[in-house]
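Asker: Shown below is the structure under consideration.
The values are calculated or read from the model by the stated rules, or taken from the named source; none is laboratory data. The structure presented is a predicted model; accordingly, all values stated were derived computationally and were not measured. Methodologically, a virtual Cβ is constructed for each residue, glycine included, from the backbone with ideal geometry; neighbour enumeration extends over all protein chains shown.
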Amino acid sequence: MQKIFDQLNPWWQKEKIETKIPRPKYLEILKKNINNQEILLLLGSRRVGKTTIMKQWIDYLIKQKNKHRNILYLLLDHPELKDQSLLKLVDEFYKFNNLSNQQKTYIFLDEIQYKKNWDQEVKALYETKNIKFFLSGSAISLISRQKTFLTGRYLKYIVQPLDWQEFQIFSQSRDILNYLQIGGYPEYVINHDPQYLLDLVDNIVYKDIVEVYKIRQPKIIKDILLILSRAVGYKISLNKIAKTLKVSIETVKDYLQFLAEVYLVYEVPKFSSSLNEQIYNEKKYYFYDTGLVKILSGGGNLGCLAENIAANHLKNNNQEISYFYQDKKECDFIIKKLDNQGNFEFQPIEVKFNPAEKSKKDFNLKQKGLDGFYKFLADYQNKSGLIITNQTQGIYENFKLMPLEKFLTK
């Protein structure tokens with residue numbers, strides 16, 4: 001056990017930590033929460049960078065606290081740790097480093113979903129020792145079923161694929177078209193090996209869905225992913241998917257839920273004041289990463305990829321998103337926001353991204369596809385709206401034109 005601990009915690013011997021390229025916005029999470037007692041839970045897709053962020057947090061703690069041996073990192077899918085309880089592993093850590101229960105320690109548990117009953121053991125340790133816990137996990141379905149013991153004791157953060165600012169640092173490219181097509185999985189941004197993303201999808205589908213839910217026909221899940229990748233930005237009929245794949249609509253609903261649980265896709269409902277209408281109307285589905293859309297679809301329309309990126313940006317900034325559809329007129333997004341008087345209003349957002357546009361003159365405010373945007377402004381007497389474009393920028397009576405690059409920095 002000592003040998004495994006030493007391998008996983010090289011800083012005990014004051015060896016350098018492999019922190020890779022910094023992601024400052026996640027370091028801010030640590031800084032904000034370092035002195036409170038809440039457990040920090042990092043969730044997200046496989047290979048999105050959770051382990052690297054943990055290593056960056058450890059590096060920061062060592063530099064701030066200068067206590068190398070008070071920090072424990074455990075990779076819980078390690079074969080030698082698989083059958084060991086967390087209580088025993090932590091007890092060994094305290095013994096190895098001559099620590100008392102009163103001394104402050106920092107424990108990082110990576111891939112927590114691999115440890116059965118982890119929440120009960122973490123709760124016991126949390127209440128008996130002076131520990132600040134940091135946990136990460138990929139399969140939210142496993143985690144959500146077990147974290148009830150920790151209610152009120154943890155803060156959850158989602159690790160997303162690289163945003164536009166991070167992409168520029170990792171790729172050393174300022175070309176928005178590259179970002180749309182490559183996406184934000186860190187290793188793929190650096191290496192550009194298409195097989196990497198295909199293997200990633202297989203790992204997520206088979207390890208986080210098929211094995212967990214004992215799926216007998218995993219190909220159906222991948223077929224649904226392929227259908228969604230070709231329908232980004234369009235309303236999806238679950239009935240049509242069910243008929244195409246010759247499965248029940250309940251199976252399609254279940255599999256879509258599983259794909260959402262592992263952070264591959266998410267749904268956007270129709271805008272309506274009626275909850276029933278939101279629930280039962282067709283949804284739109286977007287991918288957490290546009291690189292996956294391009295690989296799975298065999299190309300990916302740039303306009304659809306831009307719409308997906310805009311949806312991700314809104315979602316990542318905690319915006320409540322829906323789409324508008326009425327009288328066969330559609331607007332990409334409706335977001336809920338506060339006006340200057342502190343009242344809620346709804347803002348329409350339309351993505352009209354065309355790389356061929358080079359100047360303001362190229363953009364036609366009466367072009368096809370803006371009917372839904374104008375209808376929403378008129379019907380709801382909105383004071384603001386936004387059209388996201390390629391290069392065009394300007395302010396009109398009650399809406400703005402804004403380049404995608406600028407929108408992604410707001």
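Asker: Regarding the stretch 46-58, can at least one residue be identified that is at pLDDT below 95, surrounded by 15 or more Cβ atoms within 10 Å (Cβ to Cβ) and of a type in the set (Phe, Trp, Tyr)?
Answerer: no
Asker: Could we say that residue 246 is touching a residue at least 12 places away in the same chain (Cβ under 8 Å) and outside the structural domain of residue 349 (by TED's automatic domain parsing) here?
Answerer: no
Asker: Next up: Take the residues of the stretch 7-40 that are in a loop (DSSP other than H, G, I, E, B) and either free of Cβ contacts under 8 Å to residues at least 12 places away in the same chain or of a type in the set (Lys, Arg) (or both): which is surrounded by the most Cβ atoms within 10 Å (Cβ to Cβ)?
Answerer: 23
Asker: Now a separate question. Looking only at the stretch 242-279, filter to residues that are surrounded by 13 or more Cβ atoms within 10 Å (Cβ to Cβ) and of a type in the set (Ser, Thr, Tyr); which one of those is farthest from the chain's Cα centre (by Cα)?
Answerer: Selected residue: 244.
Asker: What are the pairs with Cβ atoms under 9 angstrom where one residue, in the stretch 169-183, is assigned by TED's automatic domain parsing to the domain that holds residue 298 and the other, located anywhere, is surrounded by fewer than 19 Cβ atoms within 10 Å (Cβ to Cβ) and among the β-branched types (Val, Ile, Thr)? Sequence gap at least six, or different chains.
Answerer: Hits for this filter: 169/21; 170/21; 170/190; 171/190.
Asker: Quick one: in the stretch 392-409, which of the residues that are part of a loop (DSSP other than H, G, I, E, B) and surrounded by fewer than 17 Cβ atoms within 10 Å (Cβ to Cβ) is modelled with the highest pLDDT?
Answerer: 409
Asker: Looking only at the stretch 41-63, count every residue that is touching a residue at least 12 places away in the same chain (Cβ under 8 Å), more than 18 Å from residue 7 (Cβ to Cβ) and assigned to a helix (DSSP H, G or I) and tell me the total.
Answerer: Residues flagged as touching a residue at least 12 places away in the same chain (Cβ under 8 Å), more than 18 Å from residue 7 (Cβ to Cβ) and assigned to a helix (DSSP H, G or I) within the stretch 41-63 amount to 6.
Asker: When only residues in the stretch 280-289 that are free of Cβ contacts under 8 Å to residues at least 60 places away in the same chain and within 19 Å of residue 183 (Cβ to Cβ) count, which is nearest to the chain's Cα centre (by Cα)?
Answerer: 287
Asker: OK, next. When residue 207 is evaluated against the numbered criteria (1) modelled with pLDDT under 95; (2) exposed (fewer than 15 other Cβ atoms within 10 Å of the Cβ); (3) not assigned by TED's automatic domain parsing to the domain that holds residue 76, which criterion, by number, is the only one it fails?
Answerer: Among (1) modelled with pLDDT under 95; (2) exposed (fewer than 15 other Cβ atoms within 10 Å of the Cβ); (3) not assigned by TED's automatic domain parsing to the domain that holds residue 76, residue 207 violates only (2).
Asker: State which residue is surrounded by the most Cβ atoms within 10 Å (Cβ to Cβ) when the search covers only the stretch 64-83 and only residues that are closer than 26 Å to residue 185 by Cβ and without any contact (Cβ under 8 Å) to a residue 60 or more places away in the chain.
Answerer: Going through the qualifying residues, I end up with 76.
Asker: Still on this structure, please answer the following. Residue by residue through the stretch 77-134, note down the ones that are basic (Lys, Arg) and either part of a loop (DSSP other than H, G, I, E, B) or touching a Gly at 6+ places or on another chain (Cβ under 6 Å) (or both).
Answerer: Result: 82, 104, 115, 116, 129.
Asker: Restricting to the stretch 359-377, and then to whatever is more than 15 Å from residue 398 (Cβ to Cβ) and surrounded by 17 or more Cβ atoms within 10 Å (Cβ to Cβ), can you tell me which residue is modelled with the lowest pLDDT?
Answerer: 363
Asker: For the stretch 135-163, enumerate the residues that are part of a loop (DSSP other than H, G, I, E, B) and either modelled with pLDDT of 90 or more or basic (Lys, Arg) (or both).
Answerer: Result: 153, 159, 160, 161, 162, 163.
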